[in-house]
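Just so it is clear, none of the values below were taken in a lab; they were calculated from the coordinates. Remember, it's a predicted structure, so these values are computed and weren't measured experimentally. When we count neighbours, we look across all protein chains shown, and the Cβ atoms used for this are built from the backbone with ideal geometry, even at glycine.
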Amino acid sequence: MKKSGKVTFYAIVKLLLAGFGVLMLLTAAVSAFVFSVFSAISMGVETPAAFSLMTFFWNAGLMCLLLLPMLINIILELLGRETMAWPRKPGVRMASAALLLWPLLFWAGTVIAEEANLAWALLPPLQTILIFLPLLWLVLMGLRLLNLKQTHTEWSVIGVSVLITPAVLIFAEIVLFIFALIVFGIWASSRPELLAELEQFGLRIMNAPVDDPEVLERILMPYLQKPGVITGALFMVSGVIPLIEEFLKPLAMWFLIPRKITPREGFALGLITGAVFALVESLGNLVNPLADMWSVVIIGRMGTALLHSFTSALVGWGIASAWSERKVLRLLLAYLVAVSTHAVWNTFALLLGFGPMVSPSAASVASGLYSTLGTIAPFVLGFLALVMLFLMYWLSRRLGNGSDVQAADIEPPVPPSAPAVPVPVEAESNHD
C-alpha cells in the first residue's frame, strides 16, 4: 500500500512510541544477557538469577522483534513508501510445519529442565519457542479462515498490545489490589485476634530465607488450606480479574474505532490482541526456574493462551459490531460470554492447585466442594479447551464465508428505467 508521506501528529506519536519501545526492549535484552553471563560465571549456572536473566533476554528480544514491523511501517509511511502487509497463506504453511516439531521440542524441554547445567542456556530459548509457535499458528490460521484481505493494521495492533496494554492492565490490577487491601484492613481492624495473627504471619515471612522455597511453603500451607482463603482468592481471580482483563485486553482496538472496522475485522484484531497478551503473560510466568513443574506450566499456558485468544476475539467482534452496526446488545453478550468463560477457566485452574491441599473430610461444606472440584478440574479444563478451539474454528469459518461490508459501502439499488425506445437510423445520422 502506497502512503502519501504526509507527516501528522498521530504519525509522530506512533513513531516515538514504537522507537522508544524498540530501544527500551533492546537495551533491556542486552543488559539481561550480560548480567546473566556474569551471574553464571561468578555464582555458577545453577543460580536462579542466571536463568531468570537469560529468560528475560529471550523474552525481551522476541518483544523487540514483534515491534520492529510496526516501526518500519511507520517510517515507510512517513517516507511515502509501500508498507509491509501481514503474511497470509505462506505464513500459515510455515507455522503449521513448525508446529509439527512442538512435541519434540517439548520432550527436549522436559529433559533439559532436569539438568541445571543445561537449563540456564538452553531452556529459555526453547520455552520461548514453545509458547510462541502455537499462538502464531492460531493467529495465522484464524486470519486465513476469516478470508480477510492483506492489511497493514495488524502490526500496529501488535505494537500497542506489546507496549501499552500490559502496562495498563498491571496498573489497573495494582489499583484493585490496593483497594482490596484497604477494604480488608478496615474489616480486620475490628478483630484484634486476626490482626495479631496477621502480624505474626508477616514476621515469619520477613524472617524466612528467600532462597529456601520449602520454608515459605511450610509457612503458607496452613493458610492456603483454609476454605475462606480459597473463597477470597476465587472472588478475585475468577470474579474481578476476568471483568478487568476482558475489558482492557482489546485496548488496541479502541484506537481503530474511527475507522468503523467490520465485525469480521474486529474478530481478527481481537484474536491478535488476545494472543499477544497471552504471549506476554506466559513468558512472564516462565522467568523463574520451575524444575519438575516446568512441563505442567507449559501445558497449562497452552490452554490459557487459547482462552485469551478466544475471549478477546469475541469481545473484538462485539466492539466492531456495536460501533459499525449499532448492535450494542451483541457487544454486551460477547463480553458476558468472554467473562463467564474466563471465570470458569480461572476457577478450575485455581482449584486444580488448591483443591488437593484441602482435606475432603473437613467439617466445612466448602472444603469438600473444593476438594471434589479440584479432582475433576483437569477434565473440565481439557473439555473447555476443546470447546473453545471448536468455537474459534466455527466462528472464523462463519465470519469468513459471510459478508460484513459496511452499509455505507453498499451502493443503493438503481430503480428500473423505462424501456428504451428504438431510435431511427435517420435520426442518428442527423445527430452526427
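If each residue of separation counts as 0.36 nm, what is the full-extension length gain between Ala196 and Phe171 once their alpha-carbon separation is subtracted?
Extending this stretch completely gives an extra 5.9 nm.
In whole Hz, what ³J(HN,Hα) sequence does segment 55-71 give by Karplus (6.51, -1.76, 1.60; θ = phi - 60°), x for Gly and Pro?
5, 5, 4, 6, 5, 5, x, 5, 4, 5, 5, 5, 7, 4, x, 5, 5
Among Ile241, Ile299, Ile72, which comes first, second and so on when ranked by fewest other beta-carbon atoms within 10 Å?
Exposure proxy ranking, most exposed first: Ile299, Ile72, Ile241.
What residues from segment 49-70 fall in the zone where the backbone N is under 17 Å from a label point 7 Å along the Cα-to-C-beta line of Ala98?
It comes to 58-70, nothing else.
In the neighborhood of Ile170, defined by Cβ-to-Cβ distances under 13 Å, what is the net charge if each Lys or Arg adds +1 and each Asp or Glu adds -1?
-2
Give me the one-decimal nm value for the distance between modelled label points at Phe235 and Thr375, 7 Å along each residue's Cα-to-Cβ direction.
It works out to 2.8 nm between the two label points.
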